[in-house]
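The values are calculated or read from the model by the stated rules, or taken from the named source; none is laboratory data. Predicted, not measured: the structure shown is a model, and the values here were computed from it. All Cβ positions, even for glycine, are placed from backbone atoms using ideal geometry, and neighbour counts span all protein chains on display. SASA here: full protein model, heavy atoms, side chains in, ligands and nucleic acids out. Shrake-Rupley method; radii C 1.70, N 1.55, O 1.52, S 1.80 Å.
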Amino acid sequence: MKGFKEFLLRGNVVELAVAVVIGAAFTNIVNAFVKGVINPIVGAFGTKDLASYSSCLKGPCEVSGTGEVTSGVLILWGSVLSAALQFLITAAVVYFVLIVPMNRRAARRKTVVEEAAEAEAKEVQLLTEIRDALVTAR
């Protein structure tokens with residue numbers, strides 16, 4: 001039990017659990033955005049529900065009242081398009097809200113560390129020159 005407790009309390013496991021919970025909540029936001037904003041925009045050019053876009057590959061296609069295909073081969077490409085839009089929106093938000101600011105912060109931190117290292121190197125060089133001057137002055 002001690003090993004299991006240590007495993008659960010490791011930072012990576014806890015951070016991963018938090019990420020999954022936040023990701024699930026974020027998925028709901030993206031789904032609502034696609035359903036409430038993207039689908040009506042697409043609806044201006046066609047139907048409001050992307051999932052209703054389909055093509056009959058081998059027909060005639062007949063769909064029952066419950067939505068099951070009773071004859072023919074029906075390709076539901078609208079639901080794939082909707083899922084692709086949700087993925088692209090999610091990826092764009094993650095990139096622009098999380099990745100870009102983190103990269104900027106990492107770049108700033110890197111320059112601060114580099115400046116500190118350069119200052120330390122200059123100080124060491126100056127101290128070395130002072131030491132050498134003192135040794136030669138003797």
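What lysines could a cross-link reach from Lys35, if we take a straight Cα to Cα line under 18 Å and drop same-chain neighbours fewer than 8 places away?
Excluding near neighbours in sequence, the set is Lys48.
Using a 7 Å offset from the Cα along the Cα-to-Cβ direction at both Val124 and Thr66, what is the distance between the two label points in nm, to one decimal?
7.6 nm
Mind listing the long-range amide H neighbours of Val63? Cut-off is under 5 Å, sequence gap 5 or more, other chains count too, H placed in the peptide plane at 1.01 Å from N.
Amide H neighbours of Val63, under 5 Å, 5+ apart: Thr70.
When the scattering of the chain is computed by the Debye formula from its Cα atoms alone, each counted once and equally, what is log10 I(q)/I(0) at q = 0.09, 0.11, 0.12, 0.19 Å⁻¹?
Debye curve over Cα of the chain, log10 I(q)/I(0) at q = 0.09, 0.11, 0.12, 0.19 Å⁻¹: -0.62, -0.75, -0.81, -1.14.
At 1.4 Å probe size, with every protein chain present, just tell me what the per residue accessible area of the range 36-106 comes to in Å². Mind dumping the intermediate values first?
Details: 5040 Å² over 71 residues.
Here the per-residue accessible area is 71 Å².
Considering only protein heavy atoms and a probe of 1.4 Å, how much of the accessible area of the range 9-138 is carbon and sulfur, as a whole percent? Mind dumping the intermediate values first?
Values: 6820 of 10280 Å².
Looking at the range 9-138 in its full context, I get 66 percent from C and S.
Write out the trypsin sites (Lys or Arg not before Pro) in the range 7-65 meeting two conditions: DSSP loop, and at most 11 other Cβ atoms within 10 Å of their Cβ. If you can, show how the numbers build up before the last one.
Working: sites: Arg10, Lys35, Lys48, Lys58; in loops: Arg10, Lys48.
Passing both the DSSP loop test and the Cβ count: Arg10.
For Leu9 and Ala24 in the same chain, what is the full-extension length gain: residue separation times 0.36 nm, less their Cα-Cα distance, in nm? Intermediate values should be presented prior to the final figure.
Numbers: separation 15, 0.36 × 15 = 5.40 nm, distance 2.17 nm.
Difference between extended and current length: 3.2 nm.
Would the range 55-130 count as rounded, prolate or oblate if I go by the C-alpha gyration tensor, calling it rounded below 1.5 in a/c and otherwise prolate when a/b exceeds b/c, oblate otherwise? Write out the running numbers ahead of the final one.
Working: a/c = 10.43, a/b = 6.36, b/c = 1.64.
It comes out prolate by the Cα gyration axes.
Which whole-number percentage describes the relative contact order of the chain, with Cα contacts under 8 Å and a sequence gap of 6 or more? Walk me through the numbers on the way to the answer.
Values: 77 pairs, mean separation 20.3, N = 138.
Once divided by the residue count of the chain, the mean separation gives 15 percent.
I'd like the distance between the alpha-carbon centres of the range 41-98 and the range 9-37, rounded to an integer number of Å.
24 Å
Given a Förster distance of 25 Å, report the FRET efficiency between Ile75 and Ile41 from their Cβ-Cβ distance, rounded to the nearest 0.05.
Details: r = 23 Å, r/R0 = 0.93.
E(calc), rounded to 0.05, equals 0.60.
By average Cβ neighbour count within 10 Å, what is the ranking of 73-79, 13-19 from highest down?
Details: 73-79: 14.9, 13-19: 10.9.
My ranking of the peptides, most packed first, is 73-79, 13-19.
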